[in-house]
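Chemist: First the structure, then my questions, so here it is.
Rule-based calculations on the coordinates, nothing more; no lab input. Please read all numbers here as calculations on a predicted model, not as lab measurements. Cβ atoms come from the backbone with ideal geometry, glycine included; neighbour counts cover every protein chain shown.
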């Protein structure tokens, strides 16, 4: 069979626990009001959901819990049941376990069986990688409907009992930037009554010979007492590199589709932090496109973010609307983007 077009039928999201604001973090770490003011001004992220209560250590939800909820919402929005799904793909940097794969736990909870499942281990571009893989598999004509998932529970890598003042900035920033959440979308070769076509997706590794901008360790029994930091963030390198990389992604998307910046109705920019996203949007130079951002409220939720943006924008679309989404991964420097259009 020849290649088929792919359509976005619906999206759904899920978040754990109540919102945690910067004042609560400042109180938890015993920092000063000046620290909170610095976070508000220079980071620009105000609140986030965390899967673990920073005060008690009590868990609110696992990634499988969040993925199940997001998947149910997406299926309901698409008007489909578990038996209608032919393929499941998930992107995450923080699966609940190495085995079984979280994608399979979610599929089991949703009642999905006897289908191919794939879990992609990746940072902020993992959701776009999942979209890309699902789209390519659907285009063969062997499958009709795909459930695509993305999410992260970053808080499990953070120790809220640590002496915050002794941490270097590369570790302190992780307590501020990240939140937890999951998202899902249903892709189909059937346009349905409200056809939103996934026009283009691409993912490209561009980190040859370049040091990672972010490192997340995974400790086993043999090295659990290792003194390596669980998470390291080269915030300056990310701040310097991501805006330019995002602009390159947008140029490539527009060139592939023969669109101009003035053709864009909605822009889904990378969601690293409130301040950095604002800088990226300015660099993208698409002033007529409506920005769809939520990082100031949710924190950087990694592979859930594109689905959060899609869930927001899909109900707004009218015939002819064009949308460009961008995600950049700093762990080994990956560029990715996708475009949708309402028919």
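Chemist: Quick one: order 236, 335 by neighbouring beta-carbon count within 10 Å, fewest to most.
Modeler: Sorted ascending by nearby Cβ count, the order is 236, 335.
Chemist: Continuing with this model, one more query. Find the percent of Cα-Cα distances in the chain that exceed 37 Å, and round it to a whole number.
Modeler: 14
Chemist: Also, quick follow-up: Roughly how many whole Å is it from the C-alpha centroid of the stretch 297-331 to that of the stretch 168-195?
Modeler: 8
Chemist: Which value in Å does the Kirkwood hydrodynamic radius of the stretch 243-343 take, with 1/r averaged over all unlike C-alpha pairs and then inverted?
Modeler: After inverting the pairwise mean of 1/r, the radius is 13.5 Å.
Chemist: Right, next: Looking only at the chain, where both bridge partners belong to it, what percent of the DSSP beta bridges are antiparallel (to the nearest 5)?
Modeler: Here the share of antiparallel DSSP bridges comes out near 70 percent.
Chemist: Order these by the 10 Å Cβ neighbour count, fewest first: 290, 200.
Modeler: 290, 200
Chemist: Once you keep just the Cα pairs under 8 angstrom separated by 6 or more residues, what percentage relative contact order results for the stretch 196-342?
Modeler: Reported relative contact order: 39 percent.
Chemist: Kindly provide the Kirkwood hydrodynamic radius of the stretch 1-46 in Å, to one decimal, from all pairs of distinct alpha carbon atoms.
Modeler: Answer for the stretch 1-46: a Kirkwood hydrodynamic radius of 14.2 Å.
Chemist: Above 24 Å lies some portion of the pair distances; for the stretch 7-188, what is it as a whole percent of all C-alpha pairs?
Modeler: Pairs farther apart than 24 Å: 42 percent.
Chemist: Sorting 215, 148, 196, 89 on the 10 Å Cβ count, fewest up front, what's the list?
Modeler: So the residues, fewest neighbours to most, are 215, 196, 89, 148.
Chemist: From Cα pairs below 8 angstrom and at least 6 apart in sequence, can you work out the relative contact order of the chain, rounded to a whole percent?
Modeler: 25
Chemist: Using only Cα positions of the stretch 23-113, each an equal point scatterer, no hydration layer, compute I(q)/I(0) via Debye at q = 0.12, 0.13, 0.21 Å⁻¹ and quote the log10 values to two decimals.
Modeler: Log10 I(q)/I(0), no solvent term: -0.57, -0.64, -1.00.
Chemist: Something else now. From the C-alpha coordinates alone, can you work out the Kirkwood hydrodynamic radius of the stretch 81-214, in Å?
Modeler: Values: mean 1/r = 0.0593 Å⁻¹.
Taking every pair of different Cα atoms in the stretch 81-214, averaging 1/r and inverting gives 16.9 Å.
Chemist: Same structure again: Which whole-number percent is the relative contact order of the stretch 7-188 (Cα, under 8 Å, 6+ apart)?
Modeler: Reported relative contact order: 33 percent.
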